[in-house]
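Heads up: the structure comes next, in structure tokens.
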Amino acid sequence: MIRQIEGDCPAFILDTDNTTYALKVLPSGQIEHLYYGKKIRVTDTETLREKHAFAPGNTIFYNNDDQSFSLEDMCLETSAIGKGDIREPMVCVENPDGSNTLDFVYIGCEITKGKKEYKTLPGSYDDNNDIDTLKIKLRDKNEGYILELYYHTFEKEDVITRSAKFLNESAHEVKLTRMLSMQLDLNENDFVITTLHGGWAKEMNIKRTRLGGGKFVNDTRIGYSSSRSNPLFVLGKEDTTEEKGRAFGINLIYSGNHYEAAEENSFKKTRIVTGINPETFEWHLAVGEEFEAPEAVLTYSEDGYNGMSGNFHKFVRKHIVRGQWRDKIRPVLLNSWEAAYFDINESSLLKLARAGKDVGIELFVMDDGWFGQRNDDKKALGDWDVNLKKLPNGVKGLCDKVNALGLDFGIWIEPEMVNVDSDLYRAHPDWAIDIPEKHHSEGRNQRILDFSNPEVVDYITEKISAVLRSANIAYVKWDMNRIFSDYYSHYLPKEKMKELNHRYTMGFYRLAKALTEGFPNILFEGCASGGNRFDLGALCFFPQIWGSDNTDAISRLAIHNGYSYGYPMNCVGSHVSGCPNHQTLRITPLETRFNVASFGSLGYELNLCDAKKDELDEIKEEIEIYKKYRETMQHGTFYRRRAGNVYEWTVVSEDKSTAVGMVCRIQTMPGEMYEVYFATGLKEDAKYHFFGREMKYNIKHFGDLINTAAPIHVRQDSVIHNIIAKMIKMDGEKEDYTAYGDSMMYAGVKLKQSFVGTGYSDQVRFFPDYGSRLYFMEEVKE
């Protein structure tokens, strides 16, 4: 709810179910930020506003007639250069005379019901358009530019979104050199900043930095939101934990170069900004033109980082992801990539699909290699015509045969890229982003198509649409496998070259909108060398995004943990792959590979045709378990408990009647047999049945210890050893209890001891390196 407190200097109170955001117009015309945090009752803002009588020394008075304050020592909703606020500005311009001073002051406001769509960018939405919107209008006193600040309240999710629009109502052209989305000033300091960093195959590593003065920047200049620095930006305090303490979360609905900064000034105030990275941005506005900044998302929780994450998860599920796949259960898929790479044909793909059908797969996906002369990553990208040598009956012929098996069919595309060795590049070399007559630095043997050029976007839209119309395609994996280098557009005039990245991003959105709306029944999964474009802008079109090209389960523990800070886990594509793993050569139990992957949108990516019978039986059992609990896994509330050597997660159904937990240990420590699992999010006064999977383990896992029980000596991996292993399986421990929710959450469930070398029975947990368990909790109805 948004309400205005009337007066000569009006104030505005934005309430969600559990938070309050307050701001007020200063007598000088700037907008003062008063409060953001736990929900409070506000009838008069006098207790919230800062009191000033004399400005500090060595500061600038905004108005020499009023020397009581300096903008440097105020919490503000927006800022610029030139009037005494020397912190991070939100908006910067270059005026025709070369000056860059801006002096925005309040001229009006409007509170309305509902939220309008952006003209050039994706944004949040509400099914019933039942949200409040506040528009604050400011005018630059010198040139007449207009700045509009927008606030939207999503009450149930405890989210407030913000954005800004710049309108050139001056008498001349102006060049925007910085146009951020929002500014949040807090009248306190000593924050701990959580950001997510990494790179290819190592996305979303959690980094914490204490802001003790100065400025911390989280940004990217690679052309996309990037795996190097995700736009998610979190602030807490030293005592904030997963379960308790204050946590602010900020994210950006944008897929291009972004910029976040937190700055603590000499007055112990902290400013946070987010938006388009100004280093690679300019925008020329003729008289009467406007520019809209991407939408920023803010949330606050008193319940620690889990509370903040829960707010984000609810918001993304209902107000970012859209279309029929928003609420629909996602299928268990089998992707051909790690089974075959480029070496595919109709016969081998059908064989793999049949093997998938036998274990319970629902969707078969043909990855890269089906078009043009595409036998490696050096050629044919951009030639979106089927390779009839590999698929003699075309995509439709293969699709029909896969459908006849009872499986849906999916396909891989990379529409934003082109190989130099391709028919498309030979016909249109000027459609690629490269500098004429100069050496180009390539990535993955390919170049980026210039999506700032509408003709290029139109061409790709039609070519990919033709592919999608050609068969009964149910799923598309949309890949993007390189970052920007040598920024240059053959289409744009040289004075607009720094508009390239934002124009490219808008072109990507235009293509994504055309294809997802043109083919609403298709499930689109985004991908960008894994998580190189995992952001809220992409999620407006893709209900799920491939989390990482690294399918190793142990690597995925940290990757998933990081994503969960701001993104629902059903948005994270996650596959069970073969071992040794193709990225790390690590060998992990199939049980652990499934347990970790099941917390995302589950798929498989291995050669089932070469799998052993025991492996196929286990995979079939895993998929049956997943389907039983899939509603909870995909739509439940996710909680983190531990991370490090031991990871502990829980996901709880919306009605709290069902929960699934996981404990995974990376390295076994000698003599440490004790383990306890703590549930999270259950009903305190409900009774639950707690149990795990009944597992049997290969006796070969115990190595030479077989000789402590065998009547004859058994040599490792001998014929007799293999025969014994086929006939005798070691029973795993059985965990089966009934307890109240409060007991399992606060006292925990003490688990059977793990193996420590002194004996093994069905009362001992087989838990070597990379061991894990799933636990199930079902409410007992009495």
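The values are calculated or read from the model by the stated rules, or taken from the named source; none is laboratory data. Predicted model only: the values in this text are computed from it and were never measured. Cβ coordinates were reconstructed from backbone atoms using ideal geometry, including for glycine residues, and neighbour counts include every protein chain displayed. To get the accessible areas, we keep the full protein, side chains included, count just its heavy atoms, and leave off ligands, DNA and RNA. Shrake-Rupley method; radii C 1.70, N 1.55, O 1.52, S 1.80 Å.
Each residue in region 34-43 was checked for being open to solvent by 30 Å² or more (accessible area, probe 1.4 Å) and either assigned to a loop (DSSP other than H, G, I, E, B) or among the charged types (D, E, K, R) (or both), and 5 pass. Can you tell me which of (1) part of a helix (DSSP H, G or I); (2) under 20 Å from the mean Cα position of the chain (by Cα) is the one Asn481 doesn't meet? Every condition holds for Asn481 apart from (1).
Looking across region 562-587, the residues that are over 29 Å from Asp610 (Cβ atoms), of a type outside the set (Phe, Trp, Tyr) and in contact with a strand residue (DSSP E or B) (Cβ under 6 Å, 6 or more places away or on another chain) come down to Gly562, Ser564, Gly566, Met569, Asn570, Cys571. Taken over region 128-154, the residue count meeting the criterion of being within 15 Å of Ala22 (Cα to Cα) and acidic (Asp, Glu) is 1. Checked against the criterion of being within 20 Å of Ala247 (Cα to Cα), open to solvent by less than 40 Å² (accessible area, probe 1.4 Å) and in contact with a helix residue (DSSP H, G or I) (Cβ under 8 Å, 6 or more places away or on another chain), the candidates Leu196, Leu184 yield just one match: Leu196. Residues in region 201-244 that are in contact with a strand residue (DSSP E or B) (Cβ under 6 Å, 6 or more places away or on another chain), of a type in the set (Gly, Ala, Ser) and over 17 Å from Arg640 (Cβ atoms): Gly213, Ser225, Ser227, Ser229.
Please verify whether Asp655 is at positive phi and either more than 33 Å from the chain's Cα centre (by Cα) or surrounded by fewer than 18 Cβ atoms within 10 Å (Cβ to Cβ) (or both), treating the condition exactly as stated. Spelling it out, it is not the case that Asp655 is at positive phi and either more than 33 Å from the chain's Cα centre (by Cα) or surrounded by fewer than 18 Cβ atoms within 10 Å (Cβ to Cβ) (or both). Residues satisfying the criterion are present in region 150-166 (criterion: at pLDDT 95 or above and over 27 Å from the mean Cα position of the chain (by Cα)).
The set of residues in region 388-433 that are open to solvent by less than 10 Å² (accessible area, probe 1.4 Å), in a loop (DSSP other than H, G, I, E, B) and in contact with a Phe, Trp or Tyr (Cβ under 8 Å, 6 or more places away or on another chain) comprises Leu391, Leu407, Glu414, Pro415, Glu416, Asn419, Ile433. The sole residue among Arg640, Arg593, Arg586 that is part of a helix (DSSP H, G or I) and not acidic (Asp, Glu) is Arg593. Cβ-Cβ contacts under 8 Å between residues 6 or more apart (or on different chains), taken from a first residue in region 740-767 that is in contact (Cβ under 8 Å) with a residue 24 or more places away in the chain and of a type in the set (Asp, Glu) to a second residue that is outside any loop (DSSP other than H, G, I, E, B) and open to solvent by 60 Å² or more (accessible area, probe 1.4 Å), are listed as Asp762/Asp731. A search for C-beta distances below 6 Å between a residue of region 68-82 that is within 24 Å of Leu14 (Cα to Cα) and part of a loop (DSSP other than H, G, I, E, B) and any residue that is at pLDDT 95 or above and among the acidic types (Asp, Glu), counting only pairs 6+ apart in sequence or on different chains, returns Cys75/Asp185; Ser79/Asp85. Out of Asp126, Asp73, which single residue is among the charged types (D, E, K, R), open to solvent by less than 40 Å² (accessible area, probe 1.4 Å) and in contact with a strand residue (DSSP E or B) (Cβ under 8 Å, 6 or more places away or on another chain)? From the options Asp126, Asp73, the qualifying one is Asp126.
Okay, residues lined up against (1) in a loop (DSSP other than H, G, I, E, B); (2) in contact (Cβ under 8 Å) with a residue 12 or more places away in the chain; (3) open to solvent by less than 20 Å² (accessible area, probe 1.4 Å); (4) on the phi > 0 side of the Ramachandran plot:
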| site | (1), (2), (3), (4) |
| --- | --- |
| Tyr21 | no, yes, yes, no |
| Gly29 | yes, yes, yes, yes |
| Glu32 | no, yes, yes, no |
| Phe54 | yes, yes, no, no |
| Gly98 | yes, no, no, yes |
| Thr101 | yes, yes, no, no |
| Ile107 | no, yes, no, no |
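Considering region 748-779, and only residues there that are more than 30 Å from Asn707 (Cβ to Cβ) and open to solvent by 50 Å² or more (accessible area, probe 1.4 Å), the residue that is farthest from the chain's Cα centre (by Cα) turns out to be Lys750.
Taken over region 214-235, residues that are buried (at least 24 other Cβ atoms within 10 Å of the Cβ) and on the phi > 0 side of the Ramachandran plot amount to 2. Could you check region 596-627 and list, in sequence order, the residues that are outside any helix (DSSP H, G or I) and open to solvent by 10 Å² or more (accessible area, probe 1.4 Å)? Leu606, Asn607, Ala611, Lys612, listed by residue number.
Restricted to strands (runs of 3 or more DSSP E) entirely inside region 190-287, those with at least 3 residues that are more than 17 Å from the chain's Cα centre (by Cα) are 191-197, 205-211, 214-219, 258-264, 270-276, 283-285. Here Ile2 fulfils each of the conditions (1) touching a Phe, Trp or Tyr at 6+ places or on another chain (Cβ under 7 Å); (2) closer than 21 Å to Arg271 by Cβ; (3) of a type in the set (A, V, I, L, M, F, W, C) apart from (2).
Among Ala512, Ala558, Ala538, which is the only one that is open to solvent by 10 Å² or more (accessible area, probe 1.4 Å), in a helix (DSSP H, G or I), at pLDDT 95 or above and out of contact with any Pro (no Cβ under 7 Å at 6 or more places or on another chain)? Lay out the reasoning, then the answer.
Numbers: Ala512 fails: open to solvent by 10 Å² or more (accessible area, probe 1.4 Å); Ala538 fails: open to solvent by 10 Å² or more (accessible area, probe 1.4 Å).
Exactly one residue qualifies, and that residue is Ala558.
Put simply, of Ser99, Ser79 the only residue that is within 30 Å of Asp132 (Cβ to Cβ) and at pLDDT 95 or above is Ser79.
None of Glu735, Glu694 is among the charged types (D, E, K, R), open to solvent by 70 Å² or more (accessible area, probe 1.4 Å) and touching a residue at least 24 places away in the same chain (Cβ under 8 Å) except Glu694. The condition of being free of Cβ contacts under 8 Å to residues at least 40 places away in the same chain and surrounded by 16 or more Cβ atoms within 10 Å (Cβ to Cβ) holds for only one of Lys115, Lys165, that being Lys115.
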